[in-house]
Amino acid sequence: MVKSYQGARIKEEKEIKQYFVRDYMTQQLISFKPDQTIDEVVRILTYRSISGGPVCDENKKLVGIISEGDCLKQVMNTAYSNVPTLSGKVEDHMVKEVEVLSPNHTIMQAAEKFLKLKLRRFPVMEDGKVVGQLSQRDVMRAFQDMSL
């Protein structure tokens, strides 16, 4: 009987590609200033077909986030007088406690955070400055790329 010995086989490990926030975040960001009016914000959100954005001071430091929902609350608060208005400043209606992501977070980490916190967007911060924004739609685009 002849025995054949081929030696130990080395399993080829398939490289697992990582997908990062930095690869899918929006970098051409529309941001707002604390002293802008809600009327200006609504016009920009509507014209640009976006649902919100970060609020930054003159040094690009994140101070809040404003959304369609925040603007809608302002309208509804004034609707009781039968004259809904978009008055007020962003700083009075923005969310000031903002959850953020790093460009180095993976898309999976971002997806978990979206599900846990039930938010629609996260500003992306690096070295204390806003460098982008990641939306749920961006995460879905990444998942689509993963399945290719």
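Couple of notes before you dig in:
- Test for Tyr47: is it at pLDDT 90 or above and surrounded by fewer than 19 Cβ atoms within 10 Å (Cβ to Cβ): yes
- Restricting segment 25-62 to residues that are in a strand (DSSP E or B) and within 15 Å of the chain's Cα centre (by Cα) leaves a set whose member that is farthest from Met94 (Cα to Cα) is Thr26.
- Segment 106-148 - residue that is out of contact with any strand residue (DSSP E or B) (no Cβ under 7 Å at 6 or more places or on another chain) and assigned to a loop (DSSP other than H, G, I, E, B) and, of those, nearest to Leu72 (Cα to Cα): Leu119
Let's see how each residue does on (1) modelled with pLDDT of 95 or more; (2) among the small types (Gly, Ala, Ser); (3) exposed (fewer than 14 other Cβ atoms within 10 Å of the Cβ):
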position: Met94; (1), (2), (3): no, no, no
position: Leu101; (1), (2), (3): yes, no, no
position: Asn104; (1), (2), (3): yes, no, yes
position: Ile107; (1), (2), (3): yes, no, no
position: Glu112; (1), (2), (3): yes, no, yes
position: Gly132; (1), (2), (3): no, yes, no
position: Ser135; (1), (2), (3): no, yes, no
position: Gln144; (1), (2), (3): no, no, yes
position: Leu148; (1), (2), (3): no, no, yes
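- Identity of the residue in segment 110-119, out of contact with any helix residue (DSSP H, G or I) (no Cβ under 6 Å at 6 or more places or on another chain) and in contact (Cβ under 8 Å) with a residue 12 or more places away in the chain, that ends up nearest to Cys71 (Cα to Cα): Leu119
- Of all residues in segment 114-130, those satisfying the criterion of being surrounded by fewer than 12 Cβ atoms within 10 Å (Cβ to Cβ) and not basic (Lys, Arg) are Leu115, Leu117, Asp127, Gly128.
The values are calculated or read from the model by the stated rules, or taken from the named source; none is laboratory data. All figures in this text were calculated on a predicted structure; none of them were measured in a lab. With ideal geometry, Cβ positions are generated from the backbone for all residues, glycine too; neighbour counts draw on all protein chains shown.
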